[in-house]
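Okay, structure first, notes after.
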Amino acid sequence: MDNFAHLFQGFAIAFTPVNLLTALVGAFMGIVVGAMPGIGSLAGCSLLLPLTFHMDPTAGIIMLAGVYYGNMYGGAFSAILLNIPGDAPAVMTAIDGYAMTKRRKAGKALFAANLASFIGGTIGILILTGLAPTLAALGLKFGPAEMVSLLLLAFTSIGWMMGDDPKYGLISTFLGAMLALIGMDPVNGQIRFTGGNINLYSGLTFIPIVIGMFGFSQVIEMVTNRMSFHFLGGEKLSIKGSLLNREEVKGILPNALRSGVLGCFVGILPGAGATIASFISYMTGKRVSKKGEQFGEGVVEGIACSEAANNAAAAGAFAPLLSLGLPGSGTAAVLLGGLMMWGLQPGPRLFTEQADFCWSLIASMYIGNIICILIAIAVIPFLTKILKVPAGIMAPIIMTLCVVGSYAANNNIFDVYVMIAAGFIGYFLNKNKYPIAPLLLAFVLTGTLEKNFSQAFKINGGSPSIFFTKPISLGLLIFMVLFITVPMVMKKVKASKNTGDQPG
Amino acid sequence: MTYIVEIFSIAAGAFYIYMGAAKYGWWKGISISGGFMPIVCGALLVLFSVLMLITKVKTGQKAEKIDPKALIPVGAMVLILLFNCLLGLVGACIAVAFLWLKLIEKYSWGKSTFVSVVLFICVYGIFRMWLNVPFPTGLIGSFI
């Protein structure tokens, strides 16, 4: 109850005209920057941090928080309309979102993304309001062994479930892991698989690979298969036409609620973040949702899982940041830098010593979330106008965005080379039925997995028993085994039943 | 072409196993060394690729043919990289976009120019002027 009394006080501060305006500006800039390929929330917050230098700390963090979750909304736009995820968490949104665009349902896809983002964001903020310090402490229970088990679960689940045959997904997963192993080994500092190329010492960058595999391969597809892209000319563009019907809202709600809770929890874990949250939630949705089997073909439920999770994770990342001073993601680290720049020391005492600051920030997140959805819905008709542009004009525009976006990730021309290679490989893998998402997930997770493997072994004197003696880790491993074996057993049982039913 | 991904994966996996074992090492003291993950990932990749290969051979699956037109966008990208030295990255992108519209899509001079100019204003305005991305300017840019 105490938390809610503080929250109301926070609302009083957040509702001041200056703070409302900064939340509005932050949310708007976040949406715009999020929709730009290559400029993710990390780059977005870093680029816009200097704008807040001369602001009052409360207004400053409100603006940055607005940029952060505005980014999560914006990332979905280019993913749905152009198949270029604005940032990494939107990768899973692109799968169903773009498939819906191809079926002339871009407006509905955008609406579903916005609604799910709003629900996910609200769940994340509610959890943050009620349980921030408790959850942050729970997040700390996730040591290296637990993280290894969680990451292995994520690895296997997505590899196992994407593609016509699990082998496709698993090969894609390990190709992604191997790409991630290029560069400096995060454990011992050894340089691996670089062939002496100095640009590879710090490893391949994620953004150019995503842009290449989704965006550039899309351009190749447009050129080689021009006829199938005539859909780009015919979408009805109105808010009314984009509204979701009752059936669709019913499909979105359970998925968004579940993914919101899951996403918030993953967001709290150190080093996990919105990308992993959206991957895990999408795969969970594919397994438990009524329309799980249609995920990937363009269903609003798939978009809901991914979008609700990444918005909830963005809110969840604030729990360890504010109550423990631990950033859960790269973007949270930039926010931490901002807090310290304003002379605030995040940690257990921040909620007591700077209560006004903390609670006005949390209150502003409620307001910002509402502002975000209003802006996002208002721009749908303008955004869907993109679909009226003929495919012949779209191809060079997307190509330009691919080049500029991949360069902007690190300001390095080498990333453009990577994007081009990734685009061609992505196109080739697609043609051979290999799904791209497991490759990307493995690419993101491998470095963290390797670091946590090393730490877990070190803690336990080199013995792997740590993975089986810690309850959370063991539970996750059991879940992973069930995740793989249960569908196989069910399939066999079903097959033997069908054989038994057939008349001899 | 049908088995190219599997054959490449087996070769890459074997290379990772070899490098992991011979160069980076599997274990160091009480924890993993730089070769641990390459060996594990390489071995699993080889395993699943072999299984995939067997499945494909057994079922007689054929891969979709790769259209030679796929090389057009790749060629355009190479052109952007070449023009980059002269025009800078944004200039190169716009020049190639213009050429694409004019030569491949056969749009009129006016329409091609209009789209290219709008694209330039949007890209330069957002990425260079607002977000301060320091794009390479090329030879011409350095003179200006």
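Where a number appears in this text, it was derived from the coordinates with a stated rule and is not lab data. Source: prediction; values computed, not measured. Here the Cβ positions follow ideal geometry from the backbone for every residue, glycine too, while neighbour counts run over all protein chains shown.
Relative to one another, the C-alpha centroids of the stretch B:15-39 and the stretch A:45-76 are positioned 42 Å apart. Simple spin-label estimate for A:GLN190 and A:PHE468 gives 2.7 nm between the two label positions (7 Å along the Cα-to-Cβ direction from each Cα). Dipole magnitude for chain A: about 1300 debye, using +1 per Lys or Arg Cβ and -1 per Asp or Glu Cβ, origin at the Cα centre.
Against the longest alpha carbon principal axis of chain B, how many degrees, from 0 to 90 and to the nearest 10, is the axis of helix B:71-99 turned? Approximately 60 degrees, to the nearest ten. Would you please state the base-10 log of I(q)/I(0) at q = 0.10, 0.13, 0.22 1/Å for the stretch A:374-504, with intensities from the Debye formula using one equal scatterer on every alpha carbon? With no solvent term, the Cα-only Debye profile gives -0.75, -0.97, -1.33. Size descriptors for the stretch B:4-59 (Cα atoms only): Rg and Dmax, in that order, 13.2, 47 Å. Normalising the Debye intensity of the stretch B:68-143 to I(0), with uniform scatterers on Cα atoms only, and taking log10 at q = 0.20, 0.22, 0.26 Å⁻¹ returns -0.91, -1.03, -1.19.
The average projected area of the stretch A:345-425, computed from the convex hull of its Cα atoms over all directions, is 9.6 nm². Run down the lysines and flag those whose C-alpha is under 25 Å from the C-alpha of B:LYS102, throwing out any fewer than 8 positions away in its chain. Within the straight-line limit of under 25 Å, B:LYS102 reaches these lysines: A:LYS385, A:LYS388, B:LYS69, B:LYS111.
Considering only A:THR122, A:THR134, A:ALA106, the residue lying farthest towards the positive end of the dipole of the protein assembly as shown is A:ALA106, judged by Cα position with unit charges set on Cβ.
Principal axis analysis of the Cα atoms in chain B yields extents of 61, 47, 23 Å, listed in decreasing size.
Taking other C-beta atoms within 10 angstrom as a stand-in for reagent exposure, B:TYR107, A:TYR427 fall in the order B:TYR107, A:TYR427, fewest first. Here the protein assembly as shown was treated as a single set of alpha-carbon atoms; its pair distances binned every 10 Å from 0 give 3, 16, 26, 27, 19, 7, 1, 0, 0 percent. The label-point distance for A:LYS240 and B:VAL118, in a model that sets each label 7 Å from Cα toward Cβ, rounds to 2.6 nm.
With 0.36 nm allotted per residue and the present C-alpha distance subtracted, the A:ASN412-A:GLU247 stretch has 54.7 nm of extension available. Specify which residue in the list A:VAL187, A:ALA421, A:ASN369 is farthest towards the positive end of the charge dipole of the protein assembly as shown, using unit charges on the beta carbon of Lys, Arg (+1) and Asp, Glu (-1), about the Cα centre. Highest projection toward the positive end goes to A:ALA421.
The Cα atoms of the stretch A:1-128 cover 47, 35, 21 Å along the three principal axes, with the biggest extent listed first.
The distance separating the Cα centre of the stretch B:40-84 from that of the stretch A:304-320 comes to 34 Å. Estimated from the Cβ-Cβ distance and a Förster radius of 25 angstrom, the FRET efficiency linking A:LEU51 and A:GLN294 is about 0.05. Look at B:LYS56, B:LYS69, A:LYS433 and count the other Cβ atoms within 10 Å of each Cβ; fewest to most, that gives B:LYS69, A:LYS433, B:LYS56. The stretch between A:ALA355 and A:SER202, if pulled fully straight at 0.36 nm per residue, gains 51.1 nm over its current Cα-Cα span. For B:TYR3, A:TYR201, the sequence from fewest to most other C-beta atoms within 10 Å is A:TYR201, B:TYR3. Rounded to the nearest whole angstrom, the semi-axes of the ellipsoid equivalent to the stretch A:269-421, taken from the Cα gyration tensor as √(5λ), stand at 33, 22, 18, largest first.
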